[in-house]
Structures are given as structure tokens and as C-alpha cells.
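The values are calculated or read from the model by the stated rules, or taken from the named source; none is laboratory data. None of the values given here were measured: they were computed from a predicted structure. Glycine gets a Cβ as well: all are built from the backbone with ideal geometry, and neighbour counts include every protein chain shown. Note: accessible area is taken over every heavy atom of the protein model, side chains too, but ligands, DNA and RNA are not part of it. Shrake-Rupley method; radii C 1.70, N 1.55, O 1.52, S 1.80 Å.
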Amino acid sequence: MRNDVSVSCGPRKCGSNLVGARIPRGKVITTARGSLSGELEGHASSRLPPQPCSWGQSSDLLSRIDLDELMKKDEPPLDFPDTLEGFEYAFNEKGQLRHIKTGEPFVFNYREDLHRWNQKRYEALGEIITKYVYELLEKDCNLKKISIPVDATESEPKSFIFMSEDALTNPQKLMVLIHGSGVVRAGQWARRLIINEDLDSGTQIPFIKRAMDEGYGVIVLNPNENYIEVEKPKIHVQSSSDSSDEPAEKRERKDKVSKETKKRRDFYEKYRNPQREKEMMQLYIRENGSPEEHAIYVWDHFIAQSAAENVFFVAHSYGGLAFVELMIQREADVKSKVTAVALTDSVHNVWHQEAGKTIREWMRENCCNWVSSSEPLDTSVESMLPDCPRVSAGNRDPLSYLGLNL
């Protein structure tokens, strides 16, 4: 068997006369961008072996690109407003996000055929909504914003949680809320629901107000605030020719080649990603670098110190996993203080998390997981895991049902 393959361009005319050519296996002729496209760049014939495309050939091709023409077709600048008013949106009296001029709901596809730009716009709006919810927690729910770690220095990264005035002093009842993973932050269940439905559907505010009306202290965790982002410092790399003993003429030639190479690279980067964002680095928050760490930290420094005889948890999605991890790490303490746990679509797994038999038994008695299901409300839903009961939330979102039945 011949160790080569035939390449045919079909009825379409090939720019490099590849019809009938044989290319040895393992040798792929690449385009200037380093990938195999509809028409292979370079030359190959049945008599001459194919030659890999060199940087010189690539740069010749790139030099012919009309960057200005390409940029006309590229996305607009990623420069978005930093207020709801700037986006021309506001929440109405029903808590629905509406355009202030048209009254229409939020439109994701603001610009056709620019999905990345639309996504960035959506994310920018989401950051504004996060701050808006923080304000509601303080102003409408009268919660206090508490910085953590509690002993943080002025210069180190910090996070925060929210608490009611009586969270640590209420002798009877304390409710703790834990949201899921992703972009949501303290006070939110789902950003998508806030934007597309209303504040009551997507935030924890109805839970908080109802709990406080019924005499609970409240602590709102912030498990996704694990780090801060800062711009990555630029590292200046000294040219090797600076300290060289080479003749000046040779150093000049090297510097010229280096500058040309950088120019070509920058040119290509600008073409490939004209909206290249700043390079960022993450500075993790001490003892709060993950949702699980955060739950344990808040337990140790706040919940365990509270006066409440009965502590209740409401945990959604990944928040349920964080609670199970808390119980694994602080089993005796949790059992002594926690009365009941309401989970909604929890993603915990007692096998993967290696929860012991005593924890699984406690969960069967003290936890319940409301899940999305077409079954009637509170109907038992089969589970593969030997832990807490799973029941249907009926034809509504589990959080909506739980919010009505605290």
C-alpha cells in the first residue's frame, strides 16, 4: 500500500495546481494561519515533494491584507454604559426590566450577526444589575454589608456577605441563603430570570422579606466572589543585543529584524482580534477562594457564633453541594445548630463528595430537594443517591414554589 493520499480540488480551479498531486502522510501544507482550508497554500506536484509554508511566505500573504477594509466588517468597540439609564432600561413597578422609551423587554440581539458583541453587552448589563441588587439588599431589605475576611488588611483582596441587624443576636431563628454557581452574586438566584422575568423571580429578596417578617435573622452568602481581577503587569524583556559585544552594525540589523517581527505579529493579532481585551490576573480572597471555602468561612466566623437555636438553610444548585461539603467538614457543629435544609435543584453528590453514613442519615431526616419535574407538586421523584428525599416542584420553578411556602 502506498503511504500517501491523493488530493483533488474537484471541478473548482485550484490556485496552486494541486490536481492529482500526492501528499505523503504526516506532511500537511498549511495556510498562513496554520490550518487546512478549502484551498491549500503553497505548491505541490507529483514530481516535487510538498514544502511546508514558512514564516516568510506567511508574512508575504499577511502583508497583502487590507486591515482597514477588514476592520470595517469587525464588531463595534466593546464600550458599554455603566448605568441602567445609560442602557435606556429601568425596572418598572412590577420589578420587570423594560426599555424606558419603548416599554419593551430586554433584547439580546441588539446588533444582528454580532453574537460576541451582544454577549459582551449582556454581561455589561448583568454587572450593573448585580450592583443594583446589592443596593436593594441594603435599602429595601435593610441588610448590612459585611466585609470578609474579618481580619483583612487594607491592601488584600476582600469579599463580603449581607446580614440582618439581628443575624447574630436573634435567639430563635436564623435563615441562611446560598445561591448557585456562575455569574450570580449575593442576593441573586438567576441573572437570566432577573433580566427576562422580574426581580421576584430572579432574586432572593422575596425570601429575605418573608423570613424577616416571620422573625428570622438572615445571612446572605456570596460564594462566587472568590477573587478580584487586576490588569496583568507588562513585563519588559530586555533585548539580548543590548548587552552584547557584537559590532554596532550587526546589533542594528538584529534590532531591525526584531522590530519587523513584532510589527508583523502585532499586525496579525490586531487582524485576528481587533477588540483584544486587557490581560487580567486573578488575586484570590483568603479562605474564600471557592464556594466551599466560603461556606465554611461564613459558618466558622458568623453562623456558628450566632445565638439562634434553630438555623435553616435554603441552597440552590451548587449551593447544595457547598452545604454538603460544609457538613462533611463541620458535621457535629452543623447537626447541633441546623434544623432543616431546603434544596432546589441541588447538584450535590454524596458519593463523589464522600459523605459518610451518619451524614446521609441526617440528610434523609432533615433535608428535602425540590427539583424540576412534570410530576404533580410534592410527588416523590426517584433518586439514585441514598440521601435526602427529592420531590417535584410541580409546574413551576423550584425556587418559585419554595418562595411561596417558606
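Here are some notes:
- Restricting S306, S241 to residues that are open to solvent by less than 70 Å² (accessible area, probe 1.4 Å), more than 27 Å from the chain's Cα centre (by Cα) and at pLDDT below 65 narrows the list to S241.
- Scanning segment 93-115 for residues that are open to solvent by less than 50 Å² (accessible area, probe 1.4 Å) and either over 22 Å from S201 (Cβ atoms) or in a loop (DSSP other than H, G, I, E, B) (or both) returns G95, Q96, G103, F106, L114.
Listed here are the residues, each with its yes/no results for (1) assigned to a loop (DSSP other than H, G, I, E, B); (2) within 30 Å of E214 (Cβ to Cβ); (3) at pLDDT 95 or above; (4) in contact with a strand residue (DSSP E or B) (Cβ under 6 Å, 6 or more places away or on another chain).
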position	(1), (2), (3), (4)
R264	no, no, no, no
Q275	yes, no, no, no
Q282	no, no, no, yes
G289	yes, no, yes, no
A295	no, yes, yes, no
G320	no, yes, yes, yes
F323	no, yes, yes, yes
L326	no, yes, yes, no
K335	no, yes, yes, no
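Every residue, every condition in (1) of a type in the set (D, E); (2) part of a helix (DSSP H, G or I); (3) surrounded by fewer than 16 Cβ atoms within 10 Å (Cβ to Cβ), yes or no:
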| residue | (1), (2), (3) |
| --- | --- |
| L168 | no, no, no |
| P171 | no, no, yes |
| L177 | no, no, no |
| G182 | no, no, yes |
| P206 | no, yes, no |
| G215 | no, no, yes |
| I219 | no, no, no |
| P223 | no, no, no |
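- Which listed residue, of N369, N349, is assigned to a loop (DSSP other than H, G, I, E, B), closer than 25 Å to A190 by Cα and not small (G, A, S): N349
- Meets criteria (out of contact with any Gly (no Cβ under 9 Å at 6 or more places or on another chain) and within 19 Å of G319 (Cβ to Cβ)) for I208: no
- Exactly one residue out of V341, V298 is more than 25 Å from the chain's Cα centre (by Cα) and closer than 27 Å to G182 by Cβ, and it is V341.
- Residues of segment 97-121 that turn out to be over 20 Å from V133 (Cβ atoms) and in contact (Cβ under 8 Å) with a residue 24 or more places away in the chain, as a count: 5
- Selection within segment 125-166 - under 30 Å from F108 (Cα atoms), open to solvent by 70 Å² or more (accessible area, probe 1.4 Å) and under 26 Å from the mean Cα position of the chain (by Cα): E127, K131, E135, E138
- Within segment 389-398, the residues that satisfy the criterion of being in a loop (DSSP other than H, G, I, E, B), modelled with pLDDT under 90 and open to solvent by less than 70 Å² (accessible area, probe 1.4 Å) are A393, G394, D397.
- Subset of segment 187-204 (residues that are surrounded by 24 or more Cβ atoms within 10 Å (Cβ to Cβ) and under 19 Å from A342 (Cβ atoms)): G187, Q188, W189, G202, T203, Q204
- Scanning segment 116-165 for residues being under 16 Å from L177 (Cβ atoms), part of a loop (DSSP other than H, G, I, E, B) and touching a Phe, Trp or Tyr at 6+ places or on another chain (Cβ under 9 Å) gives a total of 3.
- Subset of segment 325-346 [farther than 20 Å from R185 by Cα and of a type in the set (A, V, I, L, M, F, W, C)]: M327, I328, A332, V334, V338, A340, V341
- Of the residues screened, L84 is not one that is modelled with pLDDT under 85 and either in contact with a Cys (Cβ under 9 Å, 6 or more places away or on another chain) or aliphatic (A, V, I, L, M) (or both).
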